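Taking it in order: structure first as structure tokens, then the write-up.
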2 protein chains.
Amino acid sequence: MKRDIVIHEVGLRDGLQMEHRTVPIETKVAWAGELMQAGVDILQIGSFVHPEKVPQMRDTDELFRHFAAAYPHRRTVLAGLVLNEKGLERGLACGVDMFCMGVSASETHSRKNTGMGVDEAVGRITAMARTAQEAGKKVQVSVQSAFGCGYEGAVSPARVTDIVAKYLEAGFGNVSLADTAGHATPGQVEELFGAIRDMDARAELTCHFHNTYGLAMANTWAALGAGVKYVESSVAGLGGCPFTRIAGGNLCTEDFVHMLQRMDLRLDLDLATLIGTARSVAAFFERDLPGAVYRTGPIAEPRPAS
Amino acid sequence: MKRDIVIHEVGLRDGLQMEHRTVPIETKVAWAGELMQAGVDILQIGSFVHPEKVPQMRDTDELFRHFAAAYPHRRTVLAGLVLNEKGLERGLACGVDMFCMGVSASETHSRKNTGMGVDEAVGRITAMARTAQEAGKKVQVSVQSAFGCGYEGAVSPARVTDIVAKYLEAGFGNVSLADTAGHATPGQVEELFGAIRDMDARAELTCHFHNTYGLAMANTWAALGAGVKYVESSVAGLGGCPFTRIAGGNLCTEDFVHMLQRMDLRLDLDLATLIGTARSVAAFFERDLPGAVYRTGPIAEPRPAS
């Protein structure tokens, strides 16, 4: 247990989409290259949304084409988020290895994001997932707002397990539960992932936590204990809203890897490179980002004189 | 399990001792009063050290005298840290309910702090603990640098369990393991506290974590799972070094209580008052402190417009 943890880096997608300062494509290429070199297993490099809606993601197709050509024998799985059939079509045309797609467990969140209720959205997502799978692609299906919703508040576990049951019935066993609003607690994490393991012990579970209320790392630890293998995280803890002082970013990648390596896990990952990328990202945005280790340095490194 | 969690607030001691801006005694009285009103179980209001060594703690005796007189029927246990016999004598004279004292598991840290090696320090502490107990006081004995040392690096678990065995043999079962340098990982926490529970299932265990590398909450969750009941934390996450950007403060009290209450635990505590105190502390020091919830507000509270 807790041995084969897979790192799914989402900073270039979930992290950057909150940032208003546009990151030039050369910079994204440099960061993504470093993250691949550091050994992250899955690299989510963008989402296929309308470029006018999320200008930060306007170069997603170009990035995939670049990396598919530059690294034909890559070890890293290149992942992209798709919200609809149009996005899937774009992704299939530009070299995406793994498609991430999902629905919200919150009716309000679902309607705000997609214009569809939850049931309709599940049907659409499983159809899209099938198309991607038939094209030979990896697929990850997710439930957003799985632990609570910024609009609706509490989300009943049954709503989440109902959606997951439909995914599993449709043959999609790579399931992510995303704590979009940062509401999850470790107790809830153990219960909900435990319930899904009880439904299908072979399901490959992914967790996705935000640190809005300071619980991302504790929730991740609880998730690992509940059998989760795939962990989504963001370099430097990117992903908070840059205009408030609220640190709502994703679980911080290099802090998580630092913890794992202190437990003799994933020693194959190049922590120094991850820290270097985190420092570049913080320098680019000219502000402190939530990560701890990129500022302190790892424990083995001598402390900088203060 | 995880039901009877006891909150031991250490912000006025471990938090303030790192701060160079002196907090006037009226301000400490106000904060301590609020923390008591919020329902913290144990309130560590200072340490008995030489006032020239730690000027921030120069009013410790006066604070204890004030609270012992002002709240003769208090529910809150007033705790003080003592390093030596002189401090114990002062504490016995001014109304301390509970004496906290300990040794470092790191030979270097022990010699730097006390001039004594670990073995000698253990003998001295157990003698002091006995004096306090005979005076009718509660006693908590601790092992500092239990999970790693800023000077020595790794600390072997056997060094820690040897010290704890001596405490238990001497009849002191209220044992705290302190992660002074912030080096602990959740795996290590489960192992070390588990080993102590195996030594004596009736031991009352306390954890004390710093968030230097982003792991304080995850370590605390792991500790609760390993049978720890007493949790030391600091309002607003005070305790980092104010002159670096390194967030090395204690586990943040109100973030921890917010998590507990989201799990229907410790609903008797007044979170709004804790958050109010955290905001006063941040306003006093005129900088953002590490806590998340005092900035975001609790989940039940509507978000401020951004």
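The table below gives the values:
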| quantity | calculated |
| --- | --- |
| Residues of the stretch A:275-299 satisfying the condition of being aromatic (Phe, Trp, Tyr) and either over 28 Å from B:Gly153 (Cα atoms) or surrounded by fewer than 24 Cβ atoms within 10 Å (Cβ to Cβ) (or both) | A:Phe284, A:Phe285 |
| Residues that are under 16 Å from B:Ala165 (Cα atoms), aliphatic (A, V, I, L, M) and assigned to a helix (DSSP H, G or I), drawn from the stretch B:123-145 | B:Ile125, B:Ala127, B:Ala129 |
| Options A:Gly237, A:Gly276; residue that is at positive phi and either more than 14 Å from chain B (Cβ to nearest Cβ) or in contact with a Ser or Thr (Cβ under 9 Å, 6 or more places away or on another chain) (or both) | A:Gly237 |
| Hits in the stretch B:98-125 - residues which are hydroxyl-bearing (Ser, Thr, Tyr), surrounded by 22 or more Cβ atoms within 10 Å (Cβ to Cβ) and touching a Cys at 6+ places or on another chain (Cβ under 8 Å) | B:Ser104, B:Ser106 |
| For B:Phe172: the one exception among (1) in contact with a Gly (Cβ under 8 Å, 6 or more places away or on another chain); (2) touching a residue at least 40 places away in the same chain (Cβ under 8 Å); (3) within 22 Å of B:His8 (Cα to Cα); (4) not in a helix (DSSP H, G or I) | (1) |
| Residue in the stretch A:126-144 that is without any contact (Cβ under 8 Å) to a residue 40 or more places away in the chain and crowded, with 18+ Cβ neighbours inside 10 Å present | no |
| Criterion (of a type outside the set (Ser, Thr, Tyr) and modelled with pLDDT of 95 or more) met by exactly one of A:Ala79, A:Ala69 | A:Ala79 |
| Flag if A:Ala184 is surrounded by 22 or more Cβ atoms within 10 Å (Cβ to Cβ) and among the aliphatic types (A, V, I, L, M) | yes |
| Count of the stretch A:1-38 residues which are within 25 Å of A:Asp179 (Cα to Cα), at pLDDT 95 or above and either part of a loop (DSSP other than H, G, I, E, B) or acidic (Asp, Glu) (or both) | 3 |
| Candidates B:Val164, B:Val155, filtered to the one that is touching a strand residue (DSSP E or B) at 6+ places or on another chain (Cβ under 6 Å) and part of a helix (DSSP H, G or I) | B:Val164 |
| Residues that are of a type outside the set (S, T, N, Q) and either surrounded by fewer than 22 Cβ atoms within 10 Å (Cβ to Cβ) or over 22 Å from A:Phe209 (Cβ atoms) (or both), drawn from the stretch A:12-30 | A:Met18, A:Glu19, A:His20, A:Arg21, A:Val23, A:Pro24, A:Ile25, A:Glu26, A:Lys28, A:Val29, A:Ala30 |
| Residue in the stretch A:47-58 that is surrounded by 14 or more Cβ atoms within 10 Å (Cβ to Cβ) and assigned to a strand (DSSP E or B) present | yes |
| Complete set of residues in the stretch B:256-273 that are part of a loop (DSSP other than H, G, I, E, B) and within 12 Å of another protein chain (Cβ to nearest Cβ) | B:Met263, B:Asp264, B:Leu265 |
| Of residues in the stretch B:194-222 being assigned to a strand (DSSP E or B), free of Cβ contacts under 8 Å to residues at least 40 places away in the same chain and away from chain A (no Cβ under 14 Å), the one surrounded by the fewest Cβ atoms within 10 Å (Cβ to Cβ) | B:Glu204 |
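Let's see how each residue does on (1) more than 22 Å from A:Ala93 (Cβ to Cβ); (2) charged (D, E, K, R); (3) in contact with a Leu (Cβ under 7 Å, 6 or more places away or on another chain):
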| position | (1), (2), (3) |
| --- | --- |
| A:Pro24 | yes, no, no |
| A:Met36 | no, no, yes |
| A:Ile45 | no, no, yes |
| A:His50 | no, no, no |
| A:Val54 | no, no, no |
| A:Asp59 | no, yes, no |
| A:Pro72 | no, no, no |
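The values are calculated or read from the model by the stated rules, or taken from the named source; none is laboratory data. Note that the coordinates shown come from a computational prediction; the quantities given were computed from them, not determined experimentally. Glycine also receives a Cβ, built like all others from the backbone with ideal geometry; neighbour counts cover every protein chain displayed.
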